[in-house]
Amino acid sequence: MSAVDVTDRLDEIGRRIVGWDFPGARDAAQRLLDEPGLSDDDRLTARRLLAEVLRELGELDAAYDLADAVAVQAERRYGRAHRATVHAVAVLAAVRHDHDEWDEAERLYHRVLDSGIDEEGAEPVCRAVRLARVNLALLQRDRGATPLALSMLNAAYIVHRREYGADDLDTIRIAAELAALQHAEGDVAAARRLFTLAHAAARARLGTRHPFTKAVEWELAAVEPPMPSAPVSSPPVREPAPVIVDQAVDPVADSVAVPVVDPVVPGPSVPPEHPPPDSEPARPARPARSVWPLLSVVVVVLGAAVPAVLLPWHRPALAPSPQAVTSPVADGAAVSPPVVTGAAGSPSAAVASPPSSSAAGGAPPASPAAVVVRDLRLRDGRTELTVTWTALPATVVVALSRAEAPAVVVTTVPPGTARYVIRGVDPAVPYCVVVGPVDEVVAVTPATSVCTGDR
């Protein structure tokens, strides 16, 4: 095998990683490692790429062992300051971070940032150094230093977007993380702007059905205000009116009503009736939110007095997680995105999928059963909440609600995961944790919640 062919194949694996095609990158790396004539340098690079892919796919134990071995071997072969060693250490730092070894991860992140690597280059190691800055900011968030994390992540986001563009998948992920931090700090307007940008870019790159896109939709729904209702004296609509969705929800009700979508048909022009002087003034119209063509709106509400339910998305007419779930994209390549990390029973609510046009005039086709979260349990560790459930064959979204506030998505975990720990919570505040599967087969899936009760 020629060196050029090997270089092309290594570059292909790198492109797949940047494009979030992690299953394809894993297969390509394993095929390359099976080549008998592979040089030691190329084999080391392929193993580092494979460790990076395994981490993104959620195979953390395998990624940990491989990343540690590659970093040790690279330093022994090239030296501490070599670019290949720095890149290997950056991967190892992220893996240690995922394993909650925060002190060691922070030390490794600083080692990468202090390596002297010029971040302005186009080599993969330059992106690795920039992402180490992002991950270091997220580490501060995990430690509970939210203002510091916000400042660090904002600076890293500006640099990454300037270098790689707003449609780069890592840029989109950083934007979503930054928006979540802004929301946590109470800057709802800034969070809404960034979530909107991240959602639009995710739809364009990944599609509407991708779990990452849906997770950003849930975040956006938590910060998006309802549109004001029209005044009574406004003239009648003479053009076809848009579909209106009434999504007003009583946050303390025992159940959450499913939004009903009805077309609004304009009626004849009728002048407004003025009430008699002694009559009680009319109550203002209930706010309604129109469907923005770019959004699939999700209502996420948790009541203060009762466990609530995270309603799934309303999927638009257009047809990947984070983790090992793959979905087709426009160019035909399979894509599977990384985890959006975060310091992130009661009855379930399920919504039937809209009927297919092909079912008109006959019996509707049987829809597949939704994946359901079972045996959801919570262990209250005061400053950390540990939730466990029966492992599912689907990606799972974990959301957190604090004392009557809407639930906010904190992470997604890969299929087969049965446990997640949310750290840095206030020990004096009650919380509810919502867990819901992301099922690519059915349009919507039920979610389940569990709460701490009074604390």
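Observations on the structure shown:
- Distance between modelled label sites at residue 123 and residue 155, nm, 7 Å Cα→Cβ extension: 2.4 nm
- Distant-in-sequence amide contacts of residue 408, defined by a placed amide H-H separation under 5 Å and a gap of 5 or more residues or a different chain, comprise 400, 401.
- Cut-off 17 Å, label 7 Å out along Cα→Cβ of residue 429, residues of region 180-201 by amide N: 180-189, 191
- Working from label points 7 Å from Cα in the Cα-to-Cβ sense, the residue 146 to residue 382 distance is 2.1 nm.
- Local charge for residue 51 was computed over the other residues whose Cβ lies under 9 Å away, with Lys and Arg +1 and Asp and Glu -1, and equals 0.
- Sites residue 166 and residue 455 - FRET efficiency at Förster radius 41 Å, r taken between beta-carbons, to 0.05: 0.50
- Centre separation in Å (Cα based) which lies between region 149-204 and region 2-45: 31 Å
- Förster radius 30 Å - calculated FRET efficiency between residue 40 and residue 12, Cβ distance, rounded to 0.05: 0.90
- Taking 0.36 nm per residue of separation and subtracting the current Cα-Cα distance, fully stretching the chain between residue 31 and residue 204 would add 59.2 nm.
- Estimated distance in nm for a label pair at residue 419 and residue 104, the labels positioned 7 Å out from Cα along Cα-to-Cβ: 1.8 nm
- Percent accessible area from carbon and sulfur atoms, region 103-171, protein chains only, probe 1.4 Å: 51 percent
- Taking a ≥ b ≥ c as the square roots of the eigenvalues of the Cα gyration tensor, an a/c ratio of 1.5 or more together with a/b no larger than b/c marks region 1-110 as oblate.
The values are calculated or read from the model by the stated rules, or taken from the named source; none is laboratory data. Predicted, not measured: the structure shown is a model, and the values here were computed from it. With ideal geometry, Cβ positions are generated from the backbone for all residues, glycine too; neighbour counts draw on all protein chains shown. SASA here: full protein model, heavy atoms, side chains in, ligands and nucleic acids out. Shrake-Rupley method; radii C 1.70, N 1.55, O 1.52, S 1.80 Å.
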